Amino acid sequence: MSILRIRTIGDPVLRTPAQEVTQFDDALAALVRDMLETMYAVGGVGLAGPQVGVGLRVFTWGIDGDEGHVINPQLSMGEEPQEGSEGCLSVPGLSYETPRAEHAVLTGVDCHGEPVHREATGLLARCFQHENDHLGGMLYVDRLVGDERKDAMRQLRAQSFTDTTARVTREREAQRAGHSTSDAYDAAGSAFGAARASGAASGAAHTAGSAFGAAGDAR
């Protein structure tokens with residue numbers, strides 16, 4: 001699995017509506033696994049395809065042990081509002097009170113084409129709405145109203161936000177590089193361990209053969 005690069009506000013992919021998934025194959029399953037790993041690695045609770053540069057209708061979530069993903073989602077919301085703040089991996093360093101519905105119903109399929117149907121309230125419902133917005137080219141800051149919106153627009157133009165985005169991007173790139181190195185080390189370690197085990201088995205076979213007068217194979 002891999003940690004993917006998170007795209008930040010200003011990248012056109014975040015403003016481009018994602019396309020329907022039509023091919024359900026190993027590559028799609030691998031994308032879902034990588035998105036889940038990336039989401040956890042960067043401390044997120046949800047992640048949408050466009051956020052990792054993939055213009056497909058897919059998102060993942062992981063909240064309090066509730067982990068999942070959905071392909072080609074459809075989302076319906078109730079009328080009761082909920083209060084709460086949101087941030088976004090693609091808009092680092094900021095968070096604002098964001099209007100959302102308290103209840104949401106998510107339908108779609110998983111990476112194997114099996115049906116997905118979830119009813120959610122509270123934080124999970126908020127997550128579904130946030131990630132589904134990404135698939136339409138919308139960011140949570142587009143949902144802000146009143147003084148929250150005014151402040152967000154001011155902050156997004158500030159040099160401090162540019163500096164924060166650059167710093168977070170560097171940190172994430174360093175994390176990705178470290179993860180790749182760790183994977184290579186683990187793979188080498190596994191190969192070395194297998195070679196040692198193979199050698200030990202070969203030695204055992206030779207000893208057994210000598211002791212019992214048989215040319216047996218240790219396997």
Q: Provide, as a two-decimal number, the C-alpha radius of gyration of the range 81-146 over 2.2 N^0.38 Å, N being how many residues it has.
A: 1.19
**Q.** Cβ charges +1 (Lys, Arg) and -1 (Asp, Glu), total dipole of the range 9-50, debye
**A.** 180
**Q.** Surface accessible to a 1.4 Å probe, per residue, for the residues of the range 1-107, Å²
**A.** 46
Q. Quick one: with all protein chains in place, what share of the accessible area of the range 12-57 is carbon or sulfur, to the nearest percent (1.4 Å probe)?
A. 54
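The values are calculated or read from the model by the stated rules, or taken from the named source; none is laboratory data. The structure presented is a predicted model; accordingly, all values stated were derived computationally and were not measured. FYI the Cβ positions are ideal-geometry reconstructions off the backbone, even for glycines, and counts take in every protein chain you see. Surface areas here come from the heavy atoms of the whole protein model, side chains and all, with no ligands, DNA or RNA. Shrake-Rupley method; radii C 1.70, N 1.55, O 1.52, S 1.80 Å.
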